[in-house]
Structures are given as C-alpha cells and as structure tokens.
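One structure below.
The values are calculated or read from the model by the stated rules, or taken from the named source; none is laboratory data. Keep in mind that this is a model prediction, so the values were computed, not measured. All Cβ positions, glycine included, derive from the backbone under ideal geometry; neighbour counts span all protein chains shown.
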Amino acid sequence: MTMTEAVSATEPAARPVRLLVADDHRMLRDGLRRSLVECGIDVVGEASNGAEAVRLAGQLHPDVILMDVTMPVLDGIEATRLIRSQTDRTQVVMLTMHGDSDLMTRALQAGAAGYLVKDCSTEDVVSAIQLAGGEGGVSRELASSMLAEVRRTAGKDHEPLLSAREEEVLQQVADGLSLPEVAAELFISIKTVKNHLASIYEKLDARDRTQAVLRAVRMGIVRLD
C-alpha cells in the first residue's frame, strides 16, 4: 500500500451535499432529482412552493436548496429571505427561467449563494450545489462577480447589448424567417446576415440561432408572437 493509499484509507469519505429541491413543476423536480442523485447529490426533499420550502428547510436542515423563483403561495426570493434570516446553515441556489440582472440582484440581496438559468447544463447545477454546500458557502466576492457578469451579459451598463440592426436580424429569425428571407426583408446580403448572427452569438454566448433567440427572449430583446 502506498502512503497516499494509506492516508486515503484513514480519511473519512466526504459526505454528499444534502439538497432540497423547490419548484412548482413536478416533472422538472423529478428530472432534477434523478440527474442529481446520479451525480452523487443527496436529495432529501422536494417542495412545490416557497412556503413549503421554508417549512421543509426548518425540518430537514438541508445543506443547499435549489430554489425556483416563480412559485405559488410564496415566491422563491421571499422564501430565500425567510430561510436565510432563520439559519446560516442552509445555502440557496436559485434556478430560474429569468436571466435578468435586476432579478439576480434581488436574489443575492435576499441571501442566495448562486443563480442559474434553466438552460444551463446538469454539470453547472451540480457545481453550483457543491460549491454552495462547501464550507462557508459562496463568498461575497464571488457573489459580486456573478452579479457583474450577469449585468454585462444583459447589457445593463446603459448600452444596448445588441445593435439595432442585430436586434432586427434576431427578431426576424425569431419570427421563423430563413437567412435568405431575412436578407431580403432587410435589404442586405446573406453574408451580412451571417456576420450579424456571428456577432449576436458572441454577445449572447449562444451556440446557435435557437439558443440566441431563447436568451434574447428572456432578456426582453426580442418577442415570440
């Protein structure tokens, strides 16, 4: 046996993070539970609204709560405020469809340790849970940097994130037009349309047109009729 193996054999195994999932959509809760359990997270309970999340937090004392924002009875931000006022033991990571910085600001002010948008990967969720469930949770510096990043991405520095022409192009794409149709509608070349899309992908950190449209809808840049 090597020295490393001997030390490892005497060290107790790390306890998995104990998690409470709070979301009003049962299908999403079921999917999250299965995925997170497979990744080694100990899901100790589920809540379908903010008030139930507050009650279960007091009963189960989870390390972390994965909390939806928009829920009946009591929304996730107010539930987070109540939970964090009652204990420092339980951290809260927000998981929401809304990627705007104002909402994130309110969540962090309520005491949330992290903020994720629902199109993120399972790996992102697991990492946020494990980080929040570690000693001391997420630092104030990290929370501030998270907020600064969302503000940058959402274009809250008094400058539009996308140019007026880029917004036009993306709105046409959201309306279901093909690239040649967008070019004809806006009286520009297909190459110019592609150049605008490349710039849009970079600014929205999107891989393709579908992801760009979804993120732009959440930010209020384009609309879906």
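Per-structure values
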| read-out | value |
| --- | --- |
| Odd one out for S127 among (1) in a helix (DSSP H, G or I); (2) modelled with pLDDT of 90 or more | (2) |
| Residue in region 178-200 that is of a type in the set (V, I, T), outside the structural domain of S121 (by TED's automatic domain parsing) and within 27 Å of S121 (Cβ to Cβ) present | yes |
| Residue satisfying condition, being at pLDDT 70 or above and in the same structural domain as R15 (by TED's automatic domain parsing), within set L108, L142, L147 | L108 |
| Residue count, region 10-66 (criterion: assigned to a helix (DSSP H, G or I), free of Cβ contacts under 8 Å to residues at least 40 places away in the same chain and more than 21 Å from C120 (Cα to Cα)) | 11 |
| V117 in contact (Cβ under 8 Å) with a residue 40 or more places away in the chain and either surrounded by 15 or more Cβ atoms within 10 Å (Cβ to Cβ) or more than 28 Å from I221 (Cβ to Cβ) (or both) | yes |
| Residue ID - surrounded by the fewest Cβ atoms within 10 Å (Cβ to Cβ), chosen from residues in region 167-189 that are touching a residue at least 24 places away in the same chain (Cβ under 8 Å) and over 25 Å from the mean Cα position of the chain (by Cα) | D175 |
